[in-house]
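Derivation of every value follows stated rules applied to the coordinates shown; laboratory data play no part. Since we're looking at a predicted model, the values are computed, not measured. Backbone-built Cβ (ideal geometry, glycine too); neighbour counts: all protein chains shown.
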Amino acid sequence: MATNKDGVDWRSVCPISSALDVLGDKWSMLIIRDLVIHGTRTYSDFLQSPERISTNILALRLNLLTCLNLVERINPDANARNNAYKLTKGGAALRPVLEGLGRWAQTYLKEFHSDMVKIS
C-alpha cells in the first residue's frame, strides 16, 4: 500500500481500486450527493442530512475531499466549520456516477427496499 502526499493509502494501481480508496465509504459519496443536489452547503447543512453523519467523520471526509480537489471551501482562509463547500470540476464529474448508481439501486434493490425514493 502506498501513501501519497495527501495521506491516502492507495491499495493498488487499479483505477477502480483507487476510486474506491477515496469514494468507497458511504460518507464521501453522500457529501458529493448533497453538493450535486443542493449546490453549496455549509458544515451544518451536511449535519442535517437524514443519514446523520457524525461531526468527526464529516470533518475527516471534507478534509479528504478538499485535499483531493473534489470539493473546495468558499472562503479558504476561514475555519472549516464556519465555511461553505462547493464541488470542483472533478467533484461535479461524479454526477453521472451517482445517477447511474441510483438507477442501478432502483432497478435491482427496490424489491428489498420498498421505501426507496425514485430519482429522476
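The table that follows gives values for the structure above.
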item	result
Column: log10 I(q)/I(0), Debye, Cα scatterers of the chain, q = 0.09, 0.10, 0.21 Å⁻¹	-0.27, -0.33, -1.28
Contour minus Cα-Cα distance for residue 47 and residue 95 (0.36 nm per residue)	15.2 nm
Residues with amide H under 5 Å from that of residue 71, placed H, sequence gap 5 or more	66, 88
Amide hydrogen neighbours beyond the local backbone of residue 42, cut-off 5 Å, H modeled	85
Distance (nanometres) between label positions extended 7 Å along Cα→Cβ at residue 82 and residue 60	2.6
Trypsin sites (Lys or Arg not before Pro), loop per DSSP, at most 11 other Cβ atoms within 10 Å - longest free stretch of the chain	53-117
Total lysine pairs whose alpha carbons fall under 24 Å of each other in the chain (8 or more apart, or interchain)	8
The range 7-105: GluC sites (Glu not before Pro) falling in loop per DSSP and having at most 16 other Cβ within 10 Å	51
Hz values of 3J(HN,Hα) by residue in the range 21-33 - Karplus curve (6.51, -1.76, 1.60), Gly and Pro given as x	4, 9, 10, x, 8, 5, 5, 4, 5, 6, 5, 4, 4
